[in-house]
Structure formats: structure tokens, C-alpha cells
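Shown next, in C-alpha cells, is the structure this report addresses.
The values are calculated or read from the model by the stated rules, or taken from the named source; none is laboratory data. Here the structure is a predicted model, which is why all the values come from computation and not from measurement. Neighbour counts run over all protein chains shown; Cβ positions are idealised from the backbone, glycine included.
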Amino acid sequence: MAFSFKGEISKFETGLWSFHIIVPQDIVVELTRDCKKRVMCRINEYESFHAGFMPDGKGNSFIKLNKERMKNFQLELGMEVNVILEKDHSKYGMAMPEEFEEVLGQDIDGASFFEKLTDGKKRSLIYAVSIVKNSDKRITKALIILDHLKANEGKLDFRALNQAFKEGNKWV
């Protein structure tokens, strides 16, 4: 079931979050009945994207918008927009790069450790692979992630993983 509303592009004054849209609370309640906060969001007829409800600390929930999406969707601060939200039924709450999926399919031990991570950590790792433009580098990054998880018995140490990414980039 889809929910639509008119929202306004706002901006937090703090450095932590920036552009966002406040979502009416009745819609948030309906879409989070199963305690999952992930949704598919469509703004002004542009392509849908994966998003999650974030609390603003004042009893409201919002969807954040990065600078790239603001530019691509031609959005500006204060602009009124048409928003359509639907439950996100994807496995991870975001698109899985084909290369990462293939590496997971070939490494049973690594995949087992990956699946035991929290949903947020899985999304962080998927994002780390998906932002790479070159397919070979996405494969390398996915392999590094699974090697890291296996070497650390499923424990994710982002500092050590980032160092492994830097070392792995020397060979690509």
C-alpha cells in the first residue's frame, strides 16, 4: 500500500544531518507496524529510492536527502514536493550490487558471517561496495569485506576494514 503526502524540503542547522522531509506521523505509524523503518520513497515522479525513517528528537520522523539526490531531483530548500512512500520489501533495505551478491554466493563462510551482522551494518557494507563505479573494484571490495569478516570471526572493525580497503586498492 502506498501513502502520499505533500512535504517541504527542510534543512537541519546542525552538521549531523542536512536536507530532509518530515513525514506525517500517521504515515510513519502505518508503515512501521512491523517495526521495520525501511521504505521506498518517490519524490515528484523521480525514480524511487531506498530510505529509512529517522527520528528528529522532537517526536517527528524524517527522510534524509543527500546533496546528490537534491541535485538530481532538482530540489531546493523550502520547495514543496509530492512524496509517495511504500514499504521496502527488499532483503537488505537497499539494492545489492550484483558483484557483491555473486561473491556472497561463492563464499559460504563469509556469507554466513555477513548474514549475522545487524541490518544497519549490512547496509553500510553494501553501500561501501555500491559506491564504487568499476565492476572489478566492486568485486575486490566485496572479497576484502568477506576476508575481513572471516579473519575476525564475524566481528566488524571499520577502522581495520578501511585499512584493508586501502591496501587492497594497491592491487587493483
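Couple of notes before you dig in:
- Odd one out for Glu86, checked against (1) at positive phi; (2) touching a Cys at 6+ places or on another chain (Cβ under 9 Å): (1)
- Conditions (1) more than 25 Å from Met96 (Cα to Cα); (2) touching a residue at least 40 places away in the same chain (Cβ under 8 Å); (3) aliphatic (A, V, I, L, M): number failed by Val29: (2)
- Qualifying residues in segment 11-21 (those that are within 18 Å of the chain's Cα centre (by Cα) and surrounded by 11 or more Cβ atoms within 10 Å (Cβ to Cβ)) - the one modelled with the lowest pLDDT: Trp17
- Selected residue [at pLDDT 95 or above and surrounded by fewer than 20 Cβ atoms within 10 Å (Cβ to Cβ)] from Glu115, Glu167, Glu99: Glu115
- Residue within segment 143-155 that is acidic (Asp, Glu), assigned to a helix (DSSP H, G or I) and either crowded, with 17+ Cβ neighbours inside 10 Å or at positive phi (or both) present: no
- Test set (1) more than 24 Å from His50 (Cα to Cα); (2) without any contact (Cβ under 8 Å) to a residue 40 or more places away in the chain - Lys91 fails condition number: (1)
- Selected residue (criterion: surrounded by the fewest Cβ atoms within 10 Å (Cβ to Cβ)) from residues of segment 53-96 that are at pLDDT 95 or above and among the small types (Gly, Ala, Ser): Gly78
- For segment 23-31, the count of residues that are closer than 22 Å to Ala95 by Cβ and surrounded by fewer than 16 Cβ atoms within 10 Å (Cβ to Cβ) is zero.
- Single residue of Gly105, Gly110, Gly93, Gly57 found to be among the small types (Gly, Ala, Ser) and under 16 Å from the mean Cα position of the chain (by Cα): Gly93
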